[in-house]
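The values are calculated or read from the model by the stated rules, or taken from the named source; none is laboratory data. Note that this is a predicted model, so its numbers are computed, not measured. For neighbour counting, all protein chains shown are included, and Cβ atoms are generated from backbone atoms with ideal geometry for every residue, glycine included.
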């Protein structure tokens, strides 16, 4: 696979905190195809005054979950845009077996074949350490970690020089444990589904970000 990412269609999956978002962004920079995060797409669509955007905004504003049909409809529309013609990277979707089946049907209709579904495997104790230690600059959003990614100067953001930082309120032990339980109940069945389809590729995600990225590049043939 060369650096234009031509015809590359990849899904990143794995437990919360496994690093799939980070690796999806790194791959995007190398192969120059869109990184599609359904969470970001939902927020972007909700900001538009389109019928779909208004429907999503109403659901989010009322604290309701966005249905699979709405997500698939939004994804279908996004995949049809010109920048996805060379390929795309899906991050954190599908999250359930019905979503996996709906995605396969959608891609089949569009004549698109998945090259790989990459599961980044990380033990629970490391996931817990990663999530509980992460924080970000209040001003620019740059991410840091108590152990793995400290600012070069203590208390000062490397990017903007800000001195105020925050941690996500849901980055606590109880919430992370609940998210892991939900992942195993809802998302893990998609792993065996894609394994049976012959597209599942497993990557050890316990090394450095660069080391994990190298494994993914080798797996996909990215030069």
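Hand me the list of helices (runs of 4 or more DSSP H) wholly inside the stretch 1-75 holding 2 or more residues that are under 24 Å from residue 195 (Cβ atoms). Show your work before the answer.
Working: elements: 20-31, 38-46, 51-61.
Fully inside the stretch 1-75 and qualifying: 20-31.
Does residue 209 satisfy the condition of being surrounded by 13 or more Cβ atoms within 10 Å (Cβ to Cβ), touching a helix residue (DSSP H, G or I) at 6+ places or on another chain (Cβ under 8 Å) and under 19 Å from residue 129 (Cβ atoms)? The answer is yes for residue 209. From the list 63, 87, 39, the lone residue that is touching a residue at least 12 places away in the same chain (Cβ under 8 Å) and at positive phi is 87.
Residues are listed down the side, and each one gets a yes or a no for (1) without any contact (Cβ under 8 Å) to a residue 24 or more places away in the chain; (2) surrounded by 12 or more Cβ atoms within 10 Å (Cβ to Cβ); (3) under 30 Å from residue 113 (Cα atoms):
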position	(1), (2), (3)
169	yes, no, no
180	no, yes, yes
192	yes, no, yes
195	yes, yes, yes
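Of the numbered conditions (1) surrounded by 12 or more Cβ atoms within 10 Å (Cβ to Cβ); (2) outside the structural domain of residue 28 (by TED's automatic domain parsing), residue 164 fails exactly one; give the number of that condition. The failed condition is (1).
In the set (1) more than 18 Å from the chain's Cα centre (by Cα); (2) not in a loop (DSSP other than H, G, I, E, B), residue 99 fails one condition alone, (1).
For residue 83, state whether it is assigned by TED's automatic domain parsing to the domain that holds residue 179, modelled with pLDDT of 90 or more and out of contact with any helix residue (DSSP H, G or I) (no Cβ under 9 Å at 6 or more places or on another chain). Steps first, answer last, please.
Values: assigned by TED's automatic domain parsing to the domain that holds residue 179: yes; modelled with pLDDT of 90 or more: yes; out of contact with any helix residue (DSSP H, G or I) (no Cβ under 9 Å at 6 or more places or on another chain): yes.
Yes: the conditions hold for residue 83.
Somewhere in the stretch 159-169, is a residue assigned to a helix (DSSP H, G or I), more than 25 Å from residue 100 (Cβ to Cβ) and either at pLDDT below 95 or touching a strand residue (DSSP E or B) at 6+ places or on another chain (Cβ under 9 Å) (or both)? No, there is no match, as no residue in the stretch 159-169 is assigned to a helix (DSSP H, G or I), more than 25 Å from residue 100 (Cβ to Cβ) and either at pLDDT below 95 or touching a strand residue (DSSP E or B) at 6+ places or on another chain (Cβ under 9 Å) (or both).
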